[in-house]
1. Quick one: divide the alpha-carbon radius of gyration of the protein assembly as shown by 2.2 N^0.38 Å and tell me what you get.
2. Given the options A:19, A:113, A:39, state which has the largest fluctuation in a GNM of chain A using a 10 Å cut-off (strictly under) for Cα springs.
3. Determine the shape class of segment A:78-140: with a ≥ b ≥ c the square roots of the Cα gyration tensor eigenvalues, call it rounded for a/c under 1.5, and otherwise prolate if a/b is greater than b/c, oblate otherwise.
4. Name the shape class, rounded, prolate or oblate, that the alpha-carbon gyration tensor gives for segment A:97-192, where a ≥ b ≥ c are the square roots of its eigenvalues, rounded holds for a/c under 1.5, and otherwise prolate holds if a/b is larger than b/c and oblate otherwise.
5. Taking beta carbons within 10 Å but only from partner chains, what does the mean come to for residues A:88-96?
6. For the residue pair residue B:332 and residue B:94, what label-to-label distance in nm results when each label sits 7 Å from Cα along the Cα-to-beta-carbon direction?
7. Under a crude label model (7 Å from the Cα following the beta-carbon direction), how far is residue B:198 from residue B:137 in nanometres?
8. How are the C-alpha pair distances of chain A spread across 10 Å bins, as whole percents from the shortest bin up?
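Taken together, the values in this text are just the output of simple stated rules run on the coordinates, not laboratory data. Values in this document were obtained by computation on a predicted structure and should not be read as measured data. Ideal geometry is used to build each Cβ from the backbone, glycine not excepted, and the neighbour counts take in all protein chains shown.
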């Protein structure tokens, strides 16, 4: 489904150039659940950002469903809009908006009845229906992450990207969130999770270890 | 577009007061900019026109002093009339100066005046020009008797109809051609007959409209600019015709209170006029030359330059100030909201949509500010003599669009320099 070919991301720093991702090639199958693991600074998040189109690779190409993606800002943002749902460690919710408005953020017409119904359905599925009128600062970490996942799902993306989704949560809540991802995956959604937690990674069908920007190990 | 407007409105709603203050400032700056441009254009246009028409020339008024004992004694003398006509002939034939007959101290009462409320008012003090005599209502119309050369000499142009031809100057008082000022166009038509007061001092029986002057036509009479918009011009009879018995005293006086146009200084002109008087046999002192407006013109030009300069400085300062203020505020807005924009990015917002949101506030500020300031200036212009020129409005629109363009480009470049992935990780 998604193929990365010889992806490299190089940053220029005061002390010279630095390769955060170095010639990485990998294939993500449709409906798979993949964990990208590695130490802090290993390049796993950069790789995830490249997949999401937030970061432009220095070289290499991305093929999605057999089609090579353009690397322009426009092509990447179109790809992200149509196919990607993104969840991050600190939830990236807008504090001044209610849970409802946060979930509605990706929608083009958030005030329509259809949108409201969609938000209700997802929030019920994720167990946050009664929190829709609340602001993120009044919610727990687990609730915030559920809102973030609901937001990532609202446009029904093909791929869910999660960057350390349990990093800010206690173990009980982490387990609940992972159950959510597994449930999504069991319904055919492709999930890619970046984590440094081996327990979290072990719950995924496939583990790819990143070290110094390169793939250092794969586990099926 | 829906999402851009929705999110931009939400952002603006978070800082209503600040945005309102910024809007008032930008709007004020634009209003002053348009106003100063209007004033500047108005002054410059007048000054250019004035300069073009008056450059290198001095204007002197020839006046008489026939009220005193010497004057009375001269007027009683047998050859007075002939001497005056000889003097006039010397002036008209002179190679040292150009002499224009512009007798402007008269008015003629008109029966059944067709003018409107505005033209029925006195030009100088705004009072009514109407008077009743023998149960007939007359309207006094300011009248100027002009020689044929006035049209070329003062660049007086016609809006419709034609300037007087030679036949118009050879009249017998039965029907006299007249040219009306711009404000009478619409009230009268070319060929209309106008009935003057039977007791007019020039014994004119009937006037026929020959044409209308262009708006804001004027004559520099030596000490002031005479706008002719509400004047009636009547040909001053040829000297040969006047010399015959038909000439009234008024006719002669008008002919000898004309305007001298020359490049020479006043002292030289005085000497020349004295020489003509001597040659015509007129005693010294009965006619004299009044000083020129040329010095005033120079002062006037200097003032215009200063006013323009001052307005230009104010405008430039205000625009630069607004440019930097809006730019700074927008960059601060980007810096404060980078994580929010990163969040929007992961929510599927396209880059172009985020650029649109960043530029939304400056675009709204400048667009609304521009529209309101044009309206304010248009309303102001309606109640004043100033005119809001389309050219000025479009020119400022182009300038402000350029300023807005620079603000937007700089802000987009600032945003592009941000690493959204890094911002996303910030708490």
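1. Against the compact-globule rule of thumb, the ratio is 1.69.
2. A:113
3. Oblate.
4. On the way: a/c = 1.91, a/b = 1.22, b/c = 1.57.
Taking the square roots of the gyration eigenvalues as a ≥ b ≥ c, segment A:97-192 is oblate.
5. 5
6. With each label placed 7 Å out from Cα toward Cβ, I get 7.0 nm.
7. 2.1 nm
8. Histogram of Cα-Cα distances, whole percents per bin: 8, 33, 35, 19, 4, 0.
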